[in-house]
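The values are calculated or read from the model by the stated rules, or taken from the named source; none is laboratory data. Because the structure is predicted, anything quoted here is derived from the model rather than measured. Glycine also receives a Cβ, built like all others from the backbone with ideal geometry; neighbour counts cover every protein chain displayed. For the accessible areas, the whole protein counts, side chains as well, though only heavy atoms, and no ligand, DNA or RNA atoms are used. Shrake-Rupley method; radii C 1.70, N 1.55, O 1.52, S 1.80 Å.
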Amino acid sequence: MSTYWLKLQDMRFPLRSGETLLGRSPYCSIVLNDNLVSRQHAVIHVTRDGVYIEDLGSRNGTRVNRVPVNGQQPLYPGDRIQIGAQLIEIELGPREDRVRLDTLSVTGDHEPPTLEHLETPTEPGRAPQGSYSGPGAHETASTSGAGAVQPLK
């Protein structure tokens with residue numbers, strides 16, 4: 001499985017399933033600090049069927065590969081989106097983290113976590129040494145007062 005990315009200057013943003021809002025507003029998914037960009041300029045839709053961009057009635061419009069966007073337009077790896085003075089490129093990359101997890105679950109090539117790093121169990125009613133140093137930390141249940149929890153017998 002692959003994921004789409006937006007490359008803006010020296011930054012890359014993953015495109016998640018659903019909508020990614022681009023614009024000048026701080027409430028947008030990707031904020032473009034450019035006076036030629038509307039507050040809510042364009043939206044990118046990621047669906048099972050592909051990736052699409054739609055201009056949201058911006059004053060200066062949205063272009064893909066220098067062609068103005070009208071309605072929903074499909075996007076493909078290598079496409080260049082122009083919003084205001086910003087040039088954004090669509091990239092396609094492998095979902096390496098997903099591949100690794102799927103491989104581990106299918107092949108079983110991983111070791112389950114062990115409990116060897118934990119301290120050895122202590123007697124009932126006592127905390128492991130050094131784990132808590134507050135009031136009553138080293139008292140046994142019988143000396144810690146009437147409201148103390150008593151160990152099971």
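For segment 73-95, does any single residue satisfy the condition of being among the β-branched types (Val, Ile, Thr) and at pLDDT below 95? No; the residues of segment 73-95 include none that is among the β-branched types (Val, Ile, Thr) and at pLDDT below 95.
Restricting attention to segment 28-50, and to residues there that are in a loop (DSSP other than H, G, I, E, B), free of Cβ contacts under 8 Å to residues at least 40 places away in the same chain and touching a strand residue (DSSP E or B) at 6+ places or on another chain (Cβ under 8 Å), which single residue is nearest to Pro77 (Cα to Cα)?
Per the criteria, the residue is Ser29.
Taking segment 27-41 as the range and being open to solvent by less than 70 Å² (accessible area, probe 1.4 Å) and under 16 Å from Leu87 (Cβ atoms) as the test, the residues that pass are Ile30, Leu32, Asp34, Val37, His41. When segment 82-93 is limited to residues that are in contact with an Asp or Glu (Cβ under 8 Å, 6 or more places away or on another chain) and without any contact (Cβ under 8 Å) to a residue 60 or more places away in the chain, the one that is least open to solvent (accessible area, probe 1.4 Å) turns out to be Gly84. Exactly one residue out of Leu75, Leu56, Leu36, Leu32 is closer than 21 Å to Arg16 by Cα and over 25 Å from the mean Cα position of the chain (by Cα): that is Leu56. Scan segment 1-27 for residues that are in a strand (DSSP E or B) and out of contact with any His (no Cβ under 9 Å at 6 or more places or on another chain) and jot them down. Correct list: Ser2, Thr3, Tyr4, Trp5, Leu6, Lys7, Leu8, Met11, Arg12, Phe13, Pro14, Leu15.
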